[in-house]
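Report on one structure; see the data block that follows.
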Amino acid sequence: MQEYLIVSMLKLPELLAPAGSLETFKAGFDAGADAFYLGYRDFNARRRAKNFIGEELHLAADYAHQAGKKIYITLNTLIFDREISDLIRLIELLREIRADAVIVQDWGVISILREEYPELPIHASTQMFCHNSLHAKFLGSQGIRRIILPRELTLEEIGAVMKQVPLEYEVFIHGAMCFSLSGCCLASSYLYGESGNRGECRQICRFPFRTNEGTVYPFSMKDLQAYEVIGKLIETGVSALKIEGRLKNAAYVAETVSAYRKMLDTYRASTDRAGAELVEVPQELARQRESASGYFVRGPEYDRLVQKLSTGTSGEVFGKVQGIRGKEVRIDHVLKPLKGLRLRIQDARGNNIHEGALLDFSRERSGKGKEILIWKIAAALRTDGYTAPFTVYHVGRSAPRNIRRLLEKKRKKICIETLSLNLHIIQDSIHIATVAGGFPTPWEKVYPLKTMQSVSSPLNHETCEKIFSQVDKYPFHIKTIVCHIEENLFCPVSELKRIRRGFYLELHDSFLERAETERNARYDRIMEKRAAILKNHECVEESSRFFLYADFPQPEISKKTEYTVYSLEVGEIPKVPPAPNVMILPPLFMSEAMVAAAGEWVGKLVSKGYTRFMIPTYGWLSLMEKYPAVDLTAGPFLYVVNPLAVEFLSKRGVRRFVLSPDIRSEDAGPLVRFDNRLVPLNAPKDMFVSRLRATEGYYFLKKTALRPRYYCEYTVYETGK
């Protein structure tokens, strides 16, 4: 019995589901997720997802909170100066819906949340690439509540970070993986001008590349699945297990969440702690791309984690395309066609040709007696440039289109206001007053009531309470009703019901008027708050203050000091002596096992006279605190793209800034104008930064060279002061 109690009281990690739309939110909710992460319009790292608008945010948040579940909002994107005003208005909306946390990447956003909205918890996005205790320590010192660890860490490394810095930690357990380290991919930005850190990733890692041996996919990662290690992850004590997939459909979310829900519940009920890893993998999950257990156990092994010979299947094979004529696709199918199935057509090289729901279709028999499915789609397909044969995959089922109506209907069953009423019934009238609820003062109404004296069946408290506790269609809940009835009064029940209907109608109209007044007042408060924030941060460009969108030309650069930056691994000493123009760039990735050695290494460099450092990530700020004489420059992977981020890091000892490679010239103007410190020129184009080591010599099919780099040098130019 004692053993059973211990098992039952085990605290499981939170199961966190993706919600790219209301449909996927409802699917994850019904499947047993504890919390949801979702984005608002374009202010997140998944712009291609449907995302949410204000009304839908309110609906999802209310629906989740009424069931004791949590809502986390993804603000995990870089914010430019011209977007700060819109950002402030969004944060006000998040406070209004009582968001349980905000997931953030940008230091400017963190500074606003920390200083102006301390009631909103902050979660550090995986895009912040917190991969050792130096990083975790710095994030914790800045008020970060939870850290979403990158996918590139082993179980041992996760445990070591958690042991050194006790915060909440969240890890990905299922979904797509990037070849590059989290937040460190610049391929889409350089090749297409569309930044992955701005939610515009073109998924270059899924593209085919040409070698002497033919076409391969050297950067196409297998999907992550944690079936084999779910028990070990729970035992690390992480706070949340996260499923990737805000671009996935509702069926995928439902199946995936349901599978991991069963694993967690089985683990809690199992005395030998092995049950969670014995749960059968659902068929829907088995249809997805080829998968592996990621870096969790065996670390960075290229051949185990990359599917080099193909992009991988996109689902379960549904059939082969026999022909395409305009809007009709003829399919020799092997699975039973059901209305609502989502199908995807790919060519022989894995390129997507079309994806949609199987809604309008018919069947016919071929000359060989086979049944051929004729799928009728909305627009004619063009197959120019694609390589036959074409395969059709089943990738899920489409969700109902009336999800919003279903959510609204269920939400209305739960009150928006809890009231207590006083009823006072005397000869010819009834007095009704609210004594608790949404009004600061009692709301009272007096109605004429046809009454008469009665000796045999006078009006009683039970009858009045039963009638007035029924709120019809209105979103109220009556907590208590206190009745004061003059003796020996009688009135028809129909009269009381008529008065009840009129009372709740007027009460509801009054609530709506109050809501309109509150909305206007809230808008005024938002504008006042926005003006105050912008005044406190005078570095913000005037264009943001007045909602103007101007193009800023790159300012004239006067070459003042040229630095040569030496990229070194921990323990290396430069081959050149210390000099004013020599700058040391430590490694971008440093495992927890190297942290102690890194501290000794920096101390040795400083003692030899090397005092200028370009810090690749914010974690190095924790280590550099010991050496007040060092001169710090923020490297490009700190993604300083707005004046608030400059202001934030300047207060922490950073003197110069290398502009992010993701920033465009029109957005760099306000940074240089207000900071006037540093502009990089001729920076190398590092596409990917990875723990994996691929063979050199792959080329993009458009003949753009894409070679892995093992070192880099930056030439930076100071301007102004």
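The values are calculated or read from the model by the stated rules, or taken from the named source; none is laboratory data. As the structure is a computational prediction, the values presented were derived from the model and not from experiment. With ideal geometry, Cβ positions are generated from the backbone for all residues, glycine too; neighbour counts draw on all protein chains shown. Just the protein is used for accessible areas: all its heavy atoms, side chains included, with ligands, DNA and RNA removed. Shrake-Rupley method; radii C 1.70, N 1.55, O 1.52, S 1.80 Å.
For ALA579, work out the one condition from (1) surrounded by fewer than 21 Cβ atoms within 10 Å (Cβ to Cβ); (2) in contact with a helix residue (DSSP H, G or I) (Cβ under 7 Å, 6 or more places away or on another chain); (3) not in a helix (DSSP H, G or I) it doesn't fulfil.
Every condition holds for ALA579 apart from (2).
Would you pick out the residues in region 618-647 that are outside any loop (DSSP other than H, G, I, E, B), touching a strand residue (DSSP E or B) at 6+ places or on another chain (Cβ under 8 Å) and farther than 21 Å from GLU83 by Cα?
Of everything in region 618-647, those that are outside any loop (DSSP other than H, G, I, E, B), touching a strand residue (DSSP E or B) at 6+ places or on another chain (Cβ under 8 Å) and farther than 21 Å from GLU83 by Cα turn out to be TRP620, LEU621, MET624, ASP631, LEU632, THR633, ALA634.
Can you pull out the residues in region 136-152 that are over 15 Å from the mean Cα position of the chain (by Cα) and within 14 Å of MET590 (Cα to Cα)?
Across region 136-152, the qualifying residues are ALA136, GLU152.
Each row is one residue, and each column tells you yes or no for (1) crowded, with 19+ Cβ neighbours inside 10 Å; (2) touching a helix residue (DSSP H, G or I) at 6+ places or on another chain (Cβ under 7 Å); (3) not in a loop (DSSP other than H, G, I, E, B).
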| site | (1), (2), (3) |
| --- | --- |
| THR74 | yes, no, yes |
| ILE79 | yes, yes, no |
| ARG95 | no, no, yes |
| GLU115 | no, no, yes |
| CYS130 | yes, yes, no |
| PRO150 | yes, yes, no |
| LYS163 | no, no, yes |
| CYS178 | yes, yes, no |
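Just to be sure before I move on: is VAL297 out of contact with any Asp or Glu (no Cβ under 7 Å at 6 or more places or on another chain), among the β-branched types (Val, Ile, Thr), modelled with pLDDT of 80 or more and farther than 30 Å from TRP375 by Cα in the structure I sent?
Judged against the criteria, VAL297 is a match.
Looking at region 592-619, I want the residues that are on the phi < 0 side of the Ramachandran plot and have a partner that is assigned to a helix (DSSP H, G or I) and small (Gly, Ala, Ser) with Cβ atoms under 7 Å, at least 6 apart or on another chain. Which pairs are those?
Matching pairs, first to second residue: GLU592/SER133; GLU592/ALA160; VAL595/SER133.
Residues that are farther than 21 Å from GLU92 by Cβ, basic (Lys, Arg), modelled with pLDDT under 90 and surrounded by fewer than 23 Cβ atoms within 10 Å (Cβ to Cβ): does region 6-19 have at least one?
Yes, the conditions are met somewhere in region 6-19.
Could you tell me whether ARG206 is open to solvent by 10 Å² or more (accessible area, probe 1.4 Å) and touching a strand residue (DSSP E or B) at 6+ places or on another chain (Cβ under 6 Å)?
No; evaluated as a whole, the condition is false for this residue.
PRO574 versus (1) more than 40 Å from the chain's Cα centre (by Cα); (2) open to solvent by 40 Å² or more (accessible area, probe 1.4 Å); (3) within 22 Å of PRO636 (Cα to Cα): which is the lone unmet condition?
Every condition holds for PRO574 apart from (2).
Out of everything in region 659-687 that is at pLDDT 65 or above and touching a Leu at 6+ places or on another chain (Cβ under 6 Å), what residue ends up being least open to solvent (accessible area, probe 1.4 Å)?
MET687
So for region 184-201 (the condition being buried (at least 20 other Cβ atoms within 10 Å of the Cβ), at pLDDT 90 or above and in a loop (DSSP other than H, G, I, E, B)), does at least one residue qualify?
Within region 184-201, not a single residue is buried (at least 20 other Cβ atoms within 10 Å of the Cβ), at pLDDT 90 or above and in a loop (DSSP other than H, G, I, E, B).
Look through PRO458, PRO448 and report the one residue that is at pLDDT 75 or above, over 55 Å from the mean Cα position of the chain (by Cα) and open to solvent by 80 Å² or more (accessible area, probe 1.4 Å).
It is PRO448.
Quickly run through region 203-242 and pick out the residues that are out of contact with any Pro (no Cβ under 6 Å at 6 or more places or on another chain), of a type in the set (A, V, I, L, M, F, W, C) and part of a strand (DSSP E or B).
Listed by number, the residues that qualify are VAL216, MET221, LEU224.
In this structure, does ILE426 turn out to be at pLDDT 85 or above, surrounded by 12 or more Cβ atoms within 10 Å (Cβ to Cβ) and farther than 30 Å from PHE361 by Cα?
yes
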